[in-house]
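Colleague: Shown below is the structure under consideration.
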Amino acid sequence: MNAAADDVVITGIGLVTPAGIGREATWEHVCAGRPTAARDPELAGLPVDFACRVPGFDAREQVGGRRPWQYDRYTQYALVAAREAVADAGLSPQSWEGDRVAVVLGSAAGGAGTFEEQHGRLTSRGPGMVSPLFLPMFLPNMAAGQLGIDLRARGPNLHTSTACASGATAIGTACGLLAQDACDIAVAGGSDAMVTRLCAAGFAKMGALSRSCDPQTASRPFDADRDGFVLAEGAGVLVLERAADARARGVHGHAVLAGYGASADAHQAVAPDPHGAGAELALRRALAAAHARPDEVDHVNAHGTGTPLNDSAEAATLLRVLGDRPSVTSVKGTTGHLMGAAGAVEAALTALTVARGAVPPTANLQRPLPGLDFVTGCRARPQQIGLALSNSFGFGGHNAVLAFRPVG
């Protein structure tokens, strides 16, 4: 199927994840199904002392410039991912029309690490020791603002915050800006760096984190023995363009962003609707936007956090709406839960799944939930995909589903 003139095409992908720095490093690690969770010295002494960190990240090397320390980690990750995505798209901030370039970036918490550090300075050393850069580093919108500065993008510049759906919401919002002719190029995605002592302690107190004795097997999406998610960090950024504009540049792209659906559970602050009514509404809206039927879905990149409530509700929704026809995977077994970046990273991986005809495994899946034998096991498998969905759900009942097709 050839892309229609008004289709939105993903022409660039940039990733910074616990599976690796860069698109190809992340893809290869995720397809290998190797978990990334490990004991974290910064979390020593907490009820849960392991997480999934970005490996070997050096801001001086990856971010560059004279003052990379002026950015919180979530902004550093966003900058690196965005630069890779723009280069992958064959674009350059030095030559594009910046007035027509939008930036939409999602984050659940913004500069959480900076907030904790500066609050510690305030309480232990007094207000005179609080950095004048505190607010520009901490405020959640500042990663989007810094991307606009770095990329010379003067179009709409937005921050989305829908908890763990933030990155997917940003991509859907960017698609809307293209449809409204508010921009010709949209740089969209999500970034978070919530592997901090306060965040880890808070999630542990809620009972959301896995308490496994072995970090490597702790993240177990859709497994009968799952007991929570593993906290992670990173960023995923996509470059979106109209299909006609991409073709005019001679660019094929990775996949077509065929549809976006959003909804709210209107149920409970931190627990999903057990019947998945809100998730189903978002899924059906994404299919409607893609002009597709449920029986056309070949693959689902599930939210699949590994928490008892989320996985049960999502599984019930998938079975009710799609049956057991599509393959289903959750990459969180490998990457952990990247919070506000998860939806963007998983959207990128879904686009690569469509483009490359390979479904990543669900690491650590040993005993699937009843009726979920179609969830991809611990090995990647080849599959030609005509339509794929990427699910993202967040605290507060936020739901976002993105639909992808091959470019053709």
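Colleague: Considering only residues of region 357-408 that are among the charged types (D, E, K, R) and not in a strand (DSSP E or B), which is farthest from residue 281 (Cα to Cα)? Even if it seems obvious, please write down each step before you answer.
Modeller: Filtering region 357-408 down to residues among the charged types (D, E, K, R) leaves 367, 373, 379, 381, 405.
Next, only the ones that are not in a strand (DSSP E or B) stay: 367, 373, 379.
Working: 367: 29, 373: 24, 379: 31 Å.
Within region 357-408, the match that is farthest from residue 281 (Cα to Cα) is 379.
Colleague: Moving on to the next point. Among what's in region 34-63 and is of a type in the set (Asp, Glu) and part of a helix (DSSP H, G or I), pick the residue that is farthest from residue 219 (Cα to Cα).
Modeller: So in region 34-63, the residues of a type in the set (Asp, Glu) come out as 40, 42, 49, 58, 61.
Still in the list and also part of a helix (DSSP H, G or I): 42, 61.
Numbers: 42: 20, 61: 30 Å.
Only one residue fits best here, namely 61.
Colleague: Additional query: Test residue 30 against the stated conditions and say whether it is among the aliphatic types (A, V, I, L, M) and part of a helix (DSSP H, G or I).
Modeller: Details: among the aliphatic types (A, V, I, L, M): yes; part of a helix (DSSP H, G or I): yes.
Yes, satisfied.
Colleague: Sticking with this structure for a sec: Somewhere in region 215-238, is a residue under 20 Å from residue 308 (Cα atoms) and of a type in the set (Ser, Thr, Tyr)? Outline the logic, then answer.
Modeller: Start the filter on region 215-238 by keeping residues that are under 20 Å from residue 308 (Cα atoms), which leaves 215-232.
Narrowing the set further to residues that are of a type in the set (Ser, Thr, Tyr) leaves 217, 219.
Yes: one or more hits.
Colleague: Would you please name the residue that is modelled with the highest pLDDT, looking only at residues in region 197-224 that are of a type in the set (A, V, I, L, M, F, W, C) and under 20 Å from residue 375 (Cα atoms)? Break it down into steps so the answer makes sense when it comes.
Modeller: Of region 197-224, the ones of a type in the set (A, V, I, L, M, F, W, C) are 198-201, 203-204, 206, 208-209, 213, 218, 222, 224.
Cutting the leftovers down to under 20 Å from residue 375 (Cα atoms) gives us 218, 222, 224.
Values: 218: 98, 222: 95, 224: 94.
Once the filter is applied, the top-ranked residue is 218.
Colleague: When you scan region 82-105, do you find a residue that is farther than 20 Å from residue 177 by Cα and of a type in the set (Asp, Glu), even just one? Don't jump to the end; show me each part of the working.
Modeller: Pass one, region 82-105, residues farther than 20 Å from residue 177 by Cα: 83-84, 87-88, 90, 92, 94-95.
Filter again for of a type in the set (Asp, Glu), leaving 84, 88.
Taking every residue of region 82-105 in turn, at least one turns out to be farther than 20 Å from residue 177 by Cα and of a type in the set (Asp, Glu).
Colleague: For region 63-71, does any single residue satisfy the condition of being in contact (Cβ under 8 Å) with a residue 60 or more places away in the chain, touching a strand residue (DSSP E or B) at 6+ places or on another chain (Cβ under 6 Å) and hydroxyl-bearing (Ser, Thr, Tyr)?
Modeller: The initial filter retains those residues of region 63-71 that are in contact (Cβ under 8 Å) with a residue 60 or more places away in the chain, namely 70-71.
Within this subset, residues satisfying the condition of being touching a strand residue (DSSP E or B) at 6+ places or on another chain (Cβ under 6 Å) are none.
There is no residue in region 63-71 that is in contact (Cβ under 8 Å) with a residue 60 or more places away in the chain, touching a strand residue (DSSP E or B) at 6+ places or on another chain (Cβ under 6 Å) and hydroxyl-bearing (Ser, Thr, Tyr).
Colleague: For the list (1) surrounded by 24 or more Cβ atoms within 10 Å (Cβ to Cβ); (2) not in a helix (DSSP H, G or I), I need the number of the one condition that residue 79 fails.
Modeller: Failed condition: (2).
Colleague: Right, here's the next one. So residue 203 fits all but one of (1) assigned to a helix (DSSP H, G or I); (2) in the same structural domain as residue 365 (by TED's automatic domain parsing); what number is the exception?
Modeller: Condition (2) is where residue 203 drops out.
Colleague: Suppose we filter region 192-230 for residues that are of a type outside the set (Asp, Glu) and more than 24 Å from residue 120 (Cα to Cα); how many remain?
Modeller: Keep residues of region 192-230 that are of a type outside the set (Asp, Glu), which gives 193-213, 215-222, 224, 226, 228-230.
Keeping just the survivors that are more than 24 Å from residue 120 (Cα to Cα) gives 207-213, 215-222, 224, 226, 228-230.
Total satisfying the criteria: 20.
Colleague: Please find, within region 310-347, the residue that is nearest to residue 391 (Cα to Cα) out of those that are outside any helix (DSSP H, G or I) and among the small types (Gly, Ala, Ser).
Modeller: Taking region 310-347 and keeping what is outside any helix (DSSP H, G or I), we get 323-331, 336-338.
After this cut, where a residue has to be among the small types (Gly, Ala, Ser) as well, the list is 323, 327, 330, 336.
On the way: 323: 16, 327: 13, 330: 10, 336: 15 Å.
Among residues in region 310-347 that are outside any helix (DSSP H, G or I) and among the small types (Gly, Ala, Ser), the one nearest to residue 391 (Cα to Cα) is 330.
Colleague: Just for region 210-229: of the residues that are in contact with a Pro (Cβ under 8 Å, 6 or more places away or on another chain) and outside any loop (DSSP other than H, G, I, E, B), which one is nearest to residue 111 (Cα to Cα)?
Modeller: Going through the qualifying residues, I end up with 215.
Colleague: Restricting the search to region 342-386, which residues are closer than 23 Å to residue 13 by Cα, surrounded by fewer than 22 Cβ atoms within 10 Å (Cβ to Cβ) and among the aliphatic types (A, V, I, L, M)?
Modeller: Result: 355, 358, 380.
Colleague: I want to confirm something. Restricting to region 314-324 and keeping residues that are surrounded by fewer than 24 Cβ atoms within 10 Å (Cβ to Cβ) and either under 24 Å from residue 203 (Cβ atoms) or touching a residue at least 40 places away in the same chain (Cβ under 8 Å) (or both), which single residue is nearest to the chain's Cα centre (by Cα)?
Modeller: As a first pass, look at region 314-324 and keep what is surrounded by fewer than 24 Cβ atoms within 10 Å (Cβ to Cβ): 315-316, 319-324.
Subset that is either under 24 Å from residue 203 (Cβ atoms) or touching a residue at least 40 places away in the same chain (Cβ under 8 Å) (or both): 315-316, 319-321, 324.
On the way: 315: 20, 316: 22, 319: 23, 320: 25, 321: 23, 324: 25 Å.
Checking each candidate, the answer is 315.
Colleague: Moving on. Name every residue in region 9-25 that is of a type in the set (D, E, K, R) and in contact with an Asp or Glu (Cβ under 7 Å, 6 or more places away or on another chain), in order of residue number.
Modeller: Of the residues in region 9-25, the ones of a type in the set (D, E, K, R) are 23-24.
Result: 23, single match.
Colleague: Let me ask another. Looking at 33, 45, can you tell me which residue is out of contact with any helix residue (DSSP H, G or I) (no Cβ under 7 Å at 6 or more places or on another chain) and in the same structural domain as residue 177 (by TED's automatic domain parsing)? Give the derivation first.
Modeller: Numbers: 33 fails: out of contact with any helix residue (DSSP H, G or I) (no Cβ under 7 Å at 6 or more places or on another chain).
Criteria check complete, one pass: 45.
Residue-by-condition table, conditions (1) free of Cβ contacts under 8 Å to residues at least 60 places away in the same chain; (2) aliphatic (A, V, I, L, M); (3) in the same structural domain as residue 84 (by TED's automatic domain parsing):
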residue	(1), (2), (3)
256	no, yes, no
295	yes, no, no
310	no, no, no
329	yes, no, no
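Colleague: Looking only at residues in region 230-264 that are of a type in the set (Gly, Ala, Ser) and in a loop (DSSP other than H, G, I, E, B), which one is surrounded by the fewest Cβ atoms within 10 Å (Cβ to Cβ)?
Modeller: In the first step, residues of region 230-264 are kept if they are of a type in the set (Gly, Ala, Ser); the result is 232, 234-236, 243-244, 246, 248, 250, 253, 255, 258-259, 261-264.
If we keep only those that are in a loop (DSSP other than H, G, I, E, B) too, we end up with 250, 253.
On the way: 250: 7, 253: 25.
Only one residue fits best here, namely 250.
Colleague: Still on this structure, I have one more. I need the helices (runs of 4 or more DSSP H) fully contained in region 133-179, keeping only those with at least 3 residues that are within 20 Å of residue 86 (Cα to Cα).
Modeller: In region 133-179, 142-151, 166-179 are the helices (runs of 4 or more DSSP H) which contain 3 or more residues that are within 20 Å of residue 86 (Cα to Cα).
Colleague: Exactly one of these conditions fails for residue 272: (1) outside any loop (DSSP other than H, G, I, E, B); (2) touching a strand residue (DSSP E or B) at 6+ places or on another chain (Cβ under 7 Å); (3) closer than 29 Å to residue 324 by Cβ. Give me its number.
Modeller: (1)
The values are calculated or read from the model by the stated rules, or taken from the named source; none is laboratory data. Here the structure is a predicted model, which is why all the values come from computation and not from measurement. Glycine also receives a Cβ, built like all others from the backbone with ideal geometry; neighbour counts cover every protein chain displayed.
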